[in-house]
Amino acid sequence: QVQLVESGGGLVQAGGSLRLSCAASGRTFSSYAMGWFRQAPGKERDFVAAISWSGNSKYYADSVKGRFTISRELAKNTVYLQMNSLKTEDTAVYYCAGRRSSLAGREVNDYDDWGQGTQVTVSS
């Protein structure tokens, strides 16, 4: 299996920015799309953003469009989530996910591998 490790979370003031990283290691696949999800206490794990294996197709939840940007570096097998103009409602544990497919998915069940999450807290 592929191991995913998130980093870059922390405490930030509303309106600020954070950049999350997710590094994949272990078994490699010729096609491996990746995505980001988040989960607040007592809530379901929600889709945030996803990127195809090639990096040419990107998808975002409506709540983060225009504020968040997903990208990847294939050579490093790493995906990033640049989060700008953060709001208090963005507070959650953010999870990196990967799937053995060239196509990105928007559902939790679309993904094969998961990181353990990184906490993002946005204060007012």
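The values are calculated or read from the model by the stated rules, or taken from the named source; none is laboratory data. Just so it is clear, the structure is predicted and the values come from calculations on it, not from any experiment. Cβ: placed from backbone, ideal geometry, glycine included. Neighbour counts: every protein chain shown. Surface accessibility is based on the protein's heavy atoms, side chains included, excluding ligands, DNA and RNA. Shrake-Rupley method; radii C 1.70, N 1.55, O 1.52, S 1.80 Å.
Filter the GluC sites (Glu not before Pro) in region 1-83 to those in DSSP coil with at most 16 other Cβ atoms within 10 Å of their Cβ, and list the result. When the GluC sites (Glu not before Pro) of region 1-83 are filtered for loop state and at most 16 Cβ neighbours within 10 Å, Glu44 remain. The 3J(HN,Hα) values that the Karplus relation (6.51, -1.76, 1.60; θ = phi - 60°) gives for region 90-100 are, in residue order, 7, 4, 4, 8, 9, 10, 8, 9, x, 9, 7 Hz. Gly and Pro appear as x.
By the rule of a C-alpha distance below 13 Å, with chain neighbours fewer than 8 residues away ignored, the aspartates and glutamates paired with Lys65 are Asp90.
In sequence order, region 103-119 has phi-based couplings of 9, 6, x, 10, 10, 3, 6, 6, 10, 9, 10, 9, x, 8, x, 9, 7 Hz under the Karplus curve 6.51 cos²θ - 1.76 cosθ + 1.60, θ = phi - 60°, and Gly or Pro positions carry x. With a cut-off of 10 Å between beta carbons, the residues surrounding Cys22 carry a summed charge of 0, where Lys and Arg count +1 and Asp and Glu -1. Charge dipole of the chain (Cα centre as origin; +1 on each Lys and Arg Cβ, -1 on each Asp and Glu Cβ, all else neutral): 240 debye, rounded to the nearest 20.
Note on Ser63 and Gln39: the model spin-label points, each 7 Å out from Cα along the C-beta direction, lie 1.5 nm apart.
The simple Förster model, with R0 at 25 Å and r as the Cβ-Cβ distance, assigns Ser124 and Ser7 a FRET efficiency of 0.50. Rolling a 1.4 Å probe over the heavy atoms of the protein chains gives the chain an accessible area of 52 Å² per residue.
Apolar share of the accessible surface for the chain: 43 percent from carbon plus sulfur atoms, 1.4 Å probe. Taking all protein chains as they are arranged and a probe of 1.4 Å, the heavy atoms of Ser63 leave approximately 70 Å² accessible to solvent.
Rg and Dmax of the chain, both derived from C-alpha coordinates alone, stand at 13.4, 43 Å.
Label sites at Asp46 and Ala14, each approximated as a point 7 angstrom past Cα along Cα to Cβ, lie 1.6 nm apart. Of the trypsin sites (Lys or Arg not before Pro) found in region 1-65, the ones in coil according to DSSP and having at most 11 other Cβ atoms within 10 Å of their Cβ are Arg27, Lys43, Lys65.
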